[in-house]
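Here is the structure we will look at, set down as structure tokens.
The values are calculated or read from the model by the stated rules, or taken from the named source; none is laboratory data. Because the structure is predicted, anything quoted here is derived from the model rather than measured. A quick note on method: Cβ atoms are made from the backbone with ideal geometry, for glycine too, and the neighbour counts reach across all protein chains shown. Areas reflect the complete protein model, heavy atoms only, side chains present, ligands, DNA and RNA absent. Shrake-Rupley method; radii C 1.70, N 1.55, O 1.52, S 1.80 Å.
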Amino acid sequence: MRPILTLLTDFGTADGYVAEMKGVLLSHLSEATIVDVSHDLAAGDVDGARLAVARYWRRFPPGTVHLVVVDPGVGTARRALAVSSEGRLLVGPDNGVLSPSLLAAGARAVSLAVPAGASPTFHGRDVFAPAAARLAMGAAVDDLGDLCSDPEVRRTPEPRRRSDGTVEGQVIAVDRFGNVITNLMTRRDGTLEVAGERLPLRRTYGDASTGELVALTGSSGLVEIAVRDGSAAERLGLCRGAAVLLRPVG
Amino acid sequence: MRPILTLLTDFGTADGYVAEMKGVLLSHLSEATIVDVSHDLAAGDVDGARLAVARYWRRFPPGTVHLVVVDPGVGTARRALAVSSEGRLLVGPDNGVLSPSLLAAGARAVSLAVPAGASPTFHGRDVFAPAAARLAMGAAVDDLGDLCSDPEVRRTPEPRRRSDGTVEGQVIAVDRFGNVITNLMTRRDGTLEVAGERLPLRRTYGDASTGELVALTGSSGLVEIAVRDGSAAERLGLCRGAAVLLRPVG
Amino acid sequence: MRPILTLLTDFGTADGYVAEMKGVLLSHLSEATIVDVSHDLAAGDVDGARLAVARYWRRFPPGTVHLVVVDPGVGTARRALAVSSEGRLLVGPDNGVLSPSLLAAGARAVSLAVPAGASPTFHGRDVFAPAAARLAMGAAVDDLGDLCSDPEVRRTPEPRRRSDGTVEGQVIAVDRFGNVITNLMTRRDGTLEVAGERLPLRRTYGDASTGELVALTGSSGLVEIAVRDGSAAERLGLCRGAAVLLRPVG
């Protein structure tokens, strides 16, 4: 089987930095399949990277190496990590971007050594890509560094259940379509209160007419707010951190 | 031969949705070659997707599976399709994006079943990607669903020939360079009238000087208007649907 | 070993032009690994392409074919080139984008013939992609055309050393993060004077606090100016061509 390596960065592509990383990977391992996740994250958006990783890291087959370089702290003392978790391998800075894999049972993290001569401003090319290539070639994470027992873990804030049965949540992301994703999960009927609107929970976009607001459970299991054929974020003026309230029914 | 799968979506890449789809594809078929067509279509731009598909679907070798997920109707009753046409296989919503393949002689379309447990808001991951993987692994379209005899077909509007020999057309697309693409085809000399300008048909950009407007036959055989080293769409204030008139000469 | 082909264009992806090129490549050579460098260069940005090529062309393994189509002169009399240099092969217009490979010792360039029927406005698809595929399949550059002894070479402007020991340089690029890259190289300590600021040369971003300006040697060996967690280009109002002065110390 050909090794699979995925890449998530905030580098954009036009400057050629991502190409440098791909060149390093293919120089080590010319038969690798390199999968672009994205290079369009907002610069330094560690939480955006973490949420994207949460979506995709387990969707790839065991043995996949996920390289995540959203690294505003490059050139500071922050550690560099390799993680083994649920059969996947992940490489990236110790700033929380790898949290979804670190929170899984049995995860194991090591601190990567910085090779002599590595550019202090481009660990993607000189630290993370070589480590990812080694993992893809069959090295174990323990071959790459010393055990790291306290990697930085960032979590999506937990919703708070009030005594009256309602649940306080917040917006954790706005996607490309303007869909507003919250930290709420529910399998019950209910109403979502957000930005002065009261939205009954529905099943899918088709349950709303064009231009109408709709609240539903999205594809990652979280409650989200959408406008059919429009942007809920724009309509409601919402961004990350905005408050939402779930009022269960029945 | 390794199976080739292409992906066209309007998802952007930053949210991780495209990566989820790639993970599904590679979990079914780790040796596949996945080709990114684009994830930057304007949200819900079915006609833009259709025109892009028209450009590329037959450029790939027979056996290629084209996955096209520009799907503003996800979660409504619109059908999901798999198409076999001229040796290529296509998967996408029944909203017209697959029209170029459906219009070819011998095309065969089936309605995809929606698997139990599929997210009603993300058929790209749960319906289309698994179907594309099955086709890439050798399944026939007829293995995937029941024959669909009336798929939605969208067509580029036909130009209209007037009694005086001129041809009324319209702008169907504006490309990244600001080139304005019309629905006109001609092999004769003539003049294009658009936005108050009269442009003789020329052969290529080199027939104009920098900053000059030029009309010519573009790389897909359609008449287009360009500004050498500039944007014709901006210069002339044109967008999709704007009227153009071709006045043949001789 | 599977052939590796990289692609750098200014086409964007949404129109399907890049997909057409990928289809041509895979029709010739279905087992190729196609690597997207970028399709997001500013339209016609020959110097941006040249600087990106300088970064990545030698990072890929020998035998790699680099396809570079930033070609504002398509359809004019400009030549089309294939280059062999340091074991890599490059294909693109004769406008300077391939300069980094042409400047290496032993580089060999040929002029590509334009095949009959090639679209005069899309050499990427009809001239460069077929030539790249032939190289990837094992052809030598000399099989593709006649020797070109005077390809266009564009160079980054040289810094100028003044009699007082200071060095006059300029900004050659601004990257995605707003880092300002100059044409200066130095291994000595010193101070960079730019836009009214005097910045001591430091080692890495971690040597500055958040929001602070810092000058350092970047990952390609050139002096650059950054703002930790911000944009130096925005802060200082700098773009390509702006003057900088290096005042060595000691």
**Message:** Criterion first (within 14 Å of chain C (Cβ to nearest Cβ) and hydroxyl-bearing (Ser, Thr, Tyr)) does A:Thr33 satisfy it?
**Reply:** yes
**Message:** I'd like to know if segment A:214-221 contains one or more residues that are more than 21 Å from B:Arg125 (Cα to Cα), within 14 Å of chain B (Cβ to nearest Cβ), open to solvent by less than 50 Å² (accessible area, probe 1.4 Å) and of a type outside the set (D, E, K, R).
**Reply:** yes
**Message:** Tell me yes or no: at least one residue of segment B:131-141 is at pLDDT 95 or above, within 14 Å of chain A (Cβ to nearest Cβ), within 27 Å of A:Val223 (Cα to Cα) and open to solvent by less than 10 Å² (accessible area, probe 1.4 Å).
**Reply:** no
**Item:** Of all residues making up segment C:84-109, the number that are in contact with a Gly (Cβ under 8 Å, 6 or more places away or on another chain) and over 22 Å from B:Gly206 (Cα atoms)
**Value:** 5
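May I ask you to say which residue of C:Asp150, C:Asp207, C:Asp146 is open to solvent by 20 Å² or more (accessible area, probe 1.4 Å), closer than 23 Å to A:Thr76 by Cα and of a type outside the set (A, V, I, L, M, F, W, C)? Steps first, please.
Numbers: C:Asp150 fails: closer than 23 Å to A:Thr76 by Cα; C:Asp146 fails: closer than 23 Å to A:Thr76 by Cα.
Unique residue meeting the criteria: C:Asp207.
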**Criterion (crowded, with 24+ Cβ neighbours inside 10 Å and touching a strand residue (DSSP E or B) at 6+ places or on another chain (Cβ under 9 Å)) met by exactly one of B:Val91, B:Val114, B:Val74** = B:Val91
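Restricting attention to segment B:77-88, which residues are surrounded by fewer than 20 Cβ atoms within 10 Å (Cβ to Cβ) and within 14 Å of chain A (Cβ to nearest Cβ)?
Keep residues of segment B:77-88 that are surrounded by fewer than 20 Cβ atoms within 10 Å (Cβ to Cβ), which gives B:77-79, B:84, B:86-87.
Scanning segment B:77-88 gives B:Ala77, B:Arg78, B:Arg79.
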**Message:** Kindly evaluate C:Gly48 against the criterion of being farther than 16 Å from A:Thr33 by Cα and within 14 Å of chain B (Cβ to nearest Cβ).
**Reply:** no
**Message:** Please pick out the residue among B:Leu41, B:Leu8 that is surrounded by 21 or more Cβ atoms within 10 Å (Cβ to Cβ), part of a loop (DSSP other than H, G, I, E, B) and either touching a helix residue (DSSP H, G or I) at 6+ places or on another chain (Cβ under 6 Å) or more than 11 Å from chain A (Cβ to nearest Cβ) (or both).
**Reply:** B:Leu41
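When the residues of segment A:157-203 are filtered to those that are among the aliphatic types (A, V, I, L, M) and farther than 19 Å from B:Thr121 by Cβ, which remaining residue is most open to solvent (accessible area, probe 1.4 Å)? Please lay out each step first, then the result.
Filtering segment A:157-203 down to residues among the aliphatic types (A, V, I, L, M) leaves A:167, A:171-174, A:180-181, A:184-185, A:192, A:194-195, A:199, A:201.
So of that shortlist, the ones also farther than 19 Å from B:Thr121 by Cβ come out as A:167, A:195.
Numbers: A:Val167: 14, A:Ala195: 59 Å².
Across segment A:157-203, the extreme among qualifying residues is A:Ala195.
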**Prompt:** What number goes with the only condition from (1) more than 10 Å from chain B (Cβ to nearest Cβ); (2) touching a residue at least 60 places away in the same chain (Cβ under 8 Å) that C:Arg108 does not pass?
**Reply:** (2)
**Fill in**
Picking from A:Ala52, A:Ala118, the residue that is at pLDDT 95 or above, on the phi < 0 side of the Ramachandran plot and in a loop (DSSP other than H, G, I, E, B) would be A:Ala118
**Request:** Pick out the one residue from C:Gly23, C:Gly44, C:Gly12, C:Gly16 that is within 19 Å of C:Ile172 (Cβ to Cβ) and assigned by TED's automatic domain parsing to the domain that holds C:Pro100.
**Result:** C:Gly44
**Complete:** Taking segment C:1-17 and keeping only residues that are farther than 16 Å from A:Leu25 by Cβ and touching a strand residue (DSSP E or B) at 6+ places or on another chain (Cβ under 6 Å), one is left with C:Leu7, C:Leu8, C:Thr9, C:Thr13, C:Ala14
**Fill in**
Counting only strands (runs of 3 or more DSSP E) wholly inside segment C:129-227, the ones holding at least 3 residues that are closer than 30 Å to C:Ala32 by Cβ are C:145-147
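Which ones in segment C:11-31 are more than 25 Å from C:Pro62 (Cα to Cα) and assigned to a helix (DSSP H, G or I)?
To start, the set of residues in segment C:11-31 that are more than 25 Å from C:Pro62 (Cα to Cα) comprises C:11-17, C:19-20.
Answer for segment C:11-31, where residues must be more than 25 Å from C:Pro62 (Cα to Cα) and assigned to a helix (DSSP H, G or I): C:Tyr17, C:Ala19, C:Glu20.
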